[in-house]
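The values are calculated or read from the model by the stated rules, or taken from the named source; none is laboratory data. Predicted model, so just to flag it, every value in this text is computed and none were measured. Here the Cβ is made from the backbone with ideal geometry for all residues, glycine too, and neighbour counts use every protein chain on show.
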Amino acid sequence: MNSLMMKQPLLVSSILEHAQRHHGEQEVVSCRTEGDIHRYSFRELAVRARKMAQALARLGADPGTRVGTLAWNGYRHLELYYAASGSGAVLHTLNPRLHPDQLEWIVSDAEDQVIFFDLTFLPLIQELAPRLPQVRHFVLMSDSSHLPDAPGGILAYEDLIDNESGDYQWPLFDEDTPSSLCYTSGTTGNPKGVLYSHRSTVLHSMAVGLPDSMGVSARDSVMPVVPMFHVNAWGLPYTACMVGAKIVFPGAALDGQSLYDLVEAEQVTISASVPTVWQGQLQYTESRGLRFTSLERAVIGGAACPPAMLRQLEETYGVTVIHGWGMTETSPFGTASVLKGRHLGADDEERYAKQDKQGRCVFGIDLKIVDDGGNEIAWDGASSGHLMVRGHWVLSHYFHKEDQDPLVDGWFPTGDIATIDSDGFMQITDRSKDVIKSGGEWISSIDLENIAMSHPDVALAACVGVFHPKWDERPLLVAVREPGATVSAAEVLASFDGQVAKWWVPDDVVFVDSIPLGSTGKIVKAPLREQFRDHLIAAPAPSQTLI
């Protein structure tokens, strides 16, 4: 027996059609690379996306063709999100922060045929173009007045739009058709491609809008600061159109003042970015005694949110923090630290203990933790193990690696070490490659970093395991002082007293001018481990007793 219900495919184009039909007057605001502010409606977005779909067809972007983008968060990039995927092509967002050699490898592996790029990245394209013979068209995301004087066959985005009528019907096809392609950050080895489907993208977008995740609605003004080239800006460009929320795109200016001014000018209610970007905003507002007048929720992910930052946002600014976790392989939404009803009457200590964790699942995602033998570990909030995930928007295979199965009994091994408590709140204690094993016992580098960054004179901290002749490995804290601060190693180490077991306390603190960050704003620890691997031998700290 079959059901007697309509069956409509879950397609990215259906999100835009809904936005146009039911939220046509809603606004999209963009800070452009041309230096001005652009405004238009969802209705105009839909027309221009259809025109761009027509233009892509003229450029030979047939169904399945990979269409690359090197662009900031803006309305033209949003148009491509829908035009490429909606027409049956595959949107491939490229991270401009990567080294040109790595970009060359990714574009070649993806077999991109067309690349759209913002004006900012013209020098990068001019460097890369001779190395990418398979790319048939390069399109500058501006008008023809900004085209370079030197000939090079570069097309202008606005010329492509102007040459089309917009009389276009989005095609219907199987919802398992690929919609977009994102590559992992590739901190070790070459990045790996994750190929999302229309079905997984639509389901993921619905999950992002749920009250127990980011809770986005038509009453919101949403500012995705997390780049649209970083796992599709955590799904917010789709979710905002799905629910009819105003969208505010910051473009290339991600400094504290620019973001604060934009939040205030556009009355942003929810913004999402990594901790280092939030830190820049808070440093700017604190130095000038400013407060947010509209911001209600701060979504923080990509790396662990320091507890001190969470408390500052909530207590000083009255902004609710949604601490999240995900990865390219999970589209990326995995969990969010949204409290349950039983926590609403809890005191601050209990409430913050929950919000400090990366959070709990919504329907569509499932988690478990296992020991080295693959046996599931109890959800007691203390026992840690390897984090495994499965769900409707979790990958099954990597792109161009379909003959290799990355799953273990149907679960994807994340590479994270985590605990899960009885309420289902998951907490990352470390990456498996970053966990410090001292005398046979695990030490969480994330916990130590969070404590260090709660010190008012520490701007950024990374904890790495370095060689120790007796304990094999001991924690070393690498820290950046706040501007003008003169805090000593002893003073930083004193902040650990009573907060962790004595044997967890780092053996030493090394102050540096900067800590390496990856292309998505995460701390890169491999160079620090290499640089300081013999530090405790060269300058041994007072001996520790593991008790």
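What the table below lists for this structure:
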{"read-out": "Flag for residue 25 being closer than 28 Å to residue 257 by Cβ and in a loop (DSSP other than H, G, I, E, B)", "value": "no"}
{"read-out": "Some residue of the stretch 93-114 being surrounded by 20 or more Cβ atoms within 10 Å (Cβ to Cβ), small (Gly, Ala, Ser) and over 15 Å from residue 170 (Cβ atoms)", "value": "yes"}
{"read-out": "Single residue of 370, 362, 338 found to be in contact (Cβ under 8 Å) with a residue 60 or more places away in the chain, in contact with a strand residue (DSSP E or B) (Cβ under 7 Å, 6 or more places away or on another chain) and either loosely packed, with under 13 Cβ neighbours inside 10 Å or of a type in the set (A, V, I, L, M, F, W, C) (or both)", "value": "338"}
{"read-out": "Filter result for residue 171 (free of Cβ contacts under 8 Å to residues at least 60 places away in the same chain and in a loop (DSSP other than H, G, I, E, B))", "value": "no"}
{"read-out": "Residue check, residue 515 of a type in the set (Val, Ile, Thr), under 18 Å from residue 306 (Cα atoms), at pLDDT 90 or above and part of a loop (DSSP other than H, G, I, E, B)", "value": "yes"}
{"read-out": "Selected residue (criterion: surrounded by the most Cβ atoms within 10 Å (Cβ to Cβ)) from residues of the stretch 7-38 that are over 20 Å from residue 140 (Cα atoms) and of a type in the set (D, E, K, R)", "value": "27"}
{"read-out": "Cβ-Cβ under 8 Å pairs, at least 6 apart or on other chains, the stretch 229-244 side outside the structural domain of residue 80 (by TED's automatic domain parsing), far side of a type in the set (Asp, Glu)", "value": "240/220; 243/220"}
{"read-out": "Residues of the stretch 321-355 satisfying the condition of being among the hydroxyl-bearing types (Ser, Thr, Tyr) and either farther than 23 Å from residue 230 by Cβ or assigned to a loop (DSSP other than H, G, I, E, B) (or both)", "value": "331, 337, 352"}
{"read-out": "Cβ-Cβ under 8 Å pairs, at least 6 apart or on other chains, the stretch 418-440 side under 19 Å from residue 533 (Cα atoms) and touching a residue at least 12 places away in the same chain (Cβ under 8 Å), far side part of a loop (DSSP other than H, G, I, E, B) and hydrophobic (A, V, I, L, M, F, W, C)", "value": "438/471; 438/546; 439/471; 439/546"}
{"read-out": "Tabulated pairs, the stretch 503-524, first under 19 Å from residue 488 (Cβ atoms), second part of a loop (DSSP other than H, G, I, E, B), C-beta under 6 angstrom, 6+ apart or interchain", "value": "505/496; 507/541; 508/541"}
{"read-out": "Single condition residue 446 does not satisfy, out of (1) in contact with a Leu (Cβ under 8 Å, 6 or more places away or on another chain); (2) outside any loop (DSSP other than H, G, I, E, B); (3) modelled with pLDDT under 85", "value": "(1)"}
{"read-out": "Only listed residue being farther than 27 Å from residue 190 by Cβ, surrounded by fewer than 16 Cβ atoms within 10 Å (Cβ to Cβ), modelled with pLDDT of 95 or more and more than 24 Å from the chain's Cα centre (by Cα), chosen from 64, 153, 60", "value": "60"}
{"read-out": "Filter result for residue 236 (modelled with pLDDT of 95 or more, over 30 Å from residue 119 (Cα atoms), touching a strand residue (DSSP E or B) at 6+ places or on another chain (Cβ under 6 Å) and assigned to a helix (DSSP H, G or I))", "value": "no"}
{"read-out": "Cross-chain or 6+ apart pairs with Cβ under 7 Å, the stretch 86-109 first and touching a residue at least 24 places away in the same chain (Cβ under 8 Å) and within 18 Å of residue 134 (Cβ to Cβ), then surrounded by fewer than 21 Cβ atoms within 10 Å (Cβ to Cβ) and among the basic types (Lys, Arg)", "value": "104/131"}
{"read-out": "Sole residue being buried (at least 23 other Cβ atoms within 10 Å of the Cβ), farther than 18 Å from residue 332 by Cα and among the β-branched types (Val, Ile, Thr), chosen from 226, 263", "value": "263"}
{"read-out": "Single unsatisfied condition, residue 4 versus (1) touching a strand residue (DSSP E or B) at 6+ places or on another chain (Cβ under 7 Å); (2) surrounded by fewer than 19 Cβ atoms within 10 Å (Cβ to Cβ); (3) among the hydrophobic types (A, V, I, L, M, F, W, C)", "value": "(1)"}
{"read-out": "Filtered residues of the stretch 239-259 (kept if part of a strand (DSSP E or B) and under 13 Å from residue 71 (Cα atoms))", "value": "249"}
{"read-out": "First in the stretch 1-13 and closer than 21 Å to residue 171 by Cα, second anywhere and modelled with pLDDT of 95 or more and assigned to a loop (DSSP other than H, G, I, E, B), Cβ under 6 Å, 6 or more apart", "value": "9/175; 10/175; 13/170"}
{"read-out": "Sole exception among (1) under 30 Å from residue 293 (Cβ atoms); (2) modelled with pLDDT under 95; (3) within 25 Å of the chain's Cα centre (by Cα) for residue 327, by number", "value": "(1)"}
{"read-out": "Hits in the stretch 147-168 (condition: among the hydroxyl-bearing types (Ser, Thr, Tyr) and part of a loop (DSSP other than H, G, I, E, B))", "value": "165, 168"}
{"read-out": "Residue identified as touching a Cys at 6+ places or on another chain (Cβ under 8 Å), touching a residue at least 12 places away in the same chain (Cβ under 8 Å) and in a helix (DSSP H, G or I) among 282, 262", "value": "262"}
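Residue-wise test of (1) part of a loop (DSSP other than H, G, I, E, B); (2) closer than 29 Å to residue 211 by Cα.
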{"position": "357", "(1), (2)": "yes, yes"}
{"position": "367", "(1), (2)": "no, yes"}
{"position": "380", "(1), (2)": "yes, yes"}
{"position": "389", "(1), (2)": "no, yes"}
{"position": "396", "(1), (2)": "yes, yes"}
{"position": "399", "(1), (2)": "yes, no"}
{"position": "414", "(1), (2)": "no, yes"}
{"position": "433", "(1), (2)": "yes, no"}
